[in-house]
Amino acid sequence: MTRACAYLAAMAAFGLCLAAPAAVFAQSYPARPVKIIVPTVAGGTVDVLTRLLAGDLSARLGQSFFVDNRSGAGNTLGSREAARADPDGYTLLMSSASGQVISPLVYKNIDYDPVKSFAPVAPVAEGSIILVINPAVPIKSVAELVSFAKVNPAKLNYGSAGTGSLPHLAGELFKSLAAVDLVHVPYRGGALTIADVIAGNVQLTFEAASPLLQHIRDGRLRALLVMSKTRLTDLPDVPTAAEAGYPAMLATTWTGVFAPAATDGAIVRRLNEAINEGLRTPELKAALARVGNVPIGGSPEDLGKILQAEHERWAPIVKALNLTAN
């Protein structure tokens, strides 16, 4: 064997030695409980979906996956904590357009990069945004809402999951396209907003389907429209925004799992495979459907593409509305 061949053989063997521990480490992962940070309060859309996913991953991978709610500043507080976590696979982030796309456009002082600070793991689910109102308010359609708001500017309040959240942007999109003046009331999460609409402290909100459906069924909230291209199976009588006369008024939710940047690729792949396996099961599909969502699934690269597309979609709107927060 020539000296060059011997060198190449030695380097190949060295590479195998380096790869072997990583492979063994990934196969043994997870060896202890895994924390999934949810950057919203308990009871909101991302929280509900994360708990469903965590239960499936716990059963599938034989270790506890548990939720840690870290809300505030339009989801950026929880995202920052996840970005700073050790990249060992034992701290993950479940986030959405609000936390990973819109809030970083609105909040100017975040000290992490919404793209570079994370390794995408997998897209999870998609749902619709619904406009709901307290049923004690004598408004039963979008046309009536717009008519009232034009005659009574700044008399109606809408709550959101926080400045820079997708519900906030959906509300601002509605205001812009309908040419009405509604007062924005930011909360620290969707669950708090919904509770205050039910209590009558604010009149309406734009929220994801998952935490709203049961309240709508029980009559605690009245749905006026869905901001998706098609009607929801669970709300067949509620028109789409296009049917209400606003075809450009589209807003859907999505959720995805992220890990801190520099997380071992083998761990990312193991998590991705487990998440996709769960999303293909009838049980998890049915659980997602009960809260108004459908599974997405896909590769880490697919989640990266979703981030890019959402940024291109919402950045011009944030700029046009001049939305900023500290």
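May I ask you to verify whether P153 is touching a residue at least 12 places away in the same chain (Cβ under 8 Å) and more than 28 Å from the chain's Cα centre (by Cα)? Yes; evaluated as a whole, the condition is true for this residue.
If the condition is being polar (S, T, N, Q), within 21 Å of the chain's Cα centre (by Cα) and not in a strand (DSSP E or B), then region 156-193 contributes T163, S165, T193. Flag: G43 does not match the condition of being surrounded by fewer than 24 Cβ atoms within 10 Å (Cβ to Cβ), part of a helix (DSSP H, G or I), touching a residue at least 24 places away in the same chain (Cβ under 8 Å) and of a type outside the set (V, I, T).
Among the residues of region 205-251, those that are more than 21 Å from the chain's Cα centre (by Cα), among the charged types (D, E, K, R) and under 21 Å from L156 (Cα atoms) comprise R220, R222.
Within region 126-167, being hydroxyl-bearing (S, T, Y) and buried (at least 16 other Cβ atoms within 10 Å of the Cβ) holds for S128, Y158, S160, T163, S165. Answer with yes or no whether L61 is modelled with pLDDT of 90 or more and within 26 Å of L221 (Cα to Cα). No: the conditions fail for L61.
Looking across region 226-251, the residues that are assigned to a loop (DSSP other than H, G, I, E, B), touching a strand residue (DSSP E or B) at 6+ places or on another chain (Cβ under 9 Å) and of a type outside the set (A, V, I, L, M) come down to S228, K229, T230, R231, D237, P239, E243, Y246, P247.
Against the list (1) outside the structural domain of R220 (by TED's automatic domain parsing); (2) in contact with a strand residue (DSSP E or B) (Cβ under 9 Å, 6 or more places away or on another chain), the condition L105 fails is (2).
The values are calculated or read from the model by the stated rules, or taken from the named source; none is laboratory data. None of these values were measured; they are calculated from a predicted model. Here the Cβ is made from the backbone with ideal geometry for all residues, glycine too, and neighbour counts use every protein chain on show.
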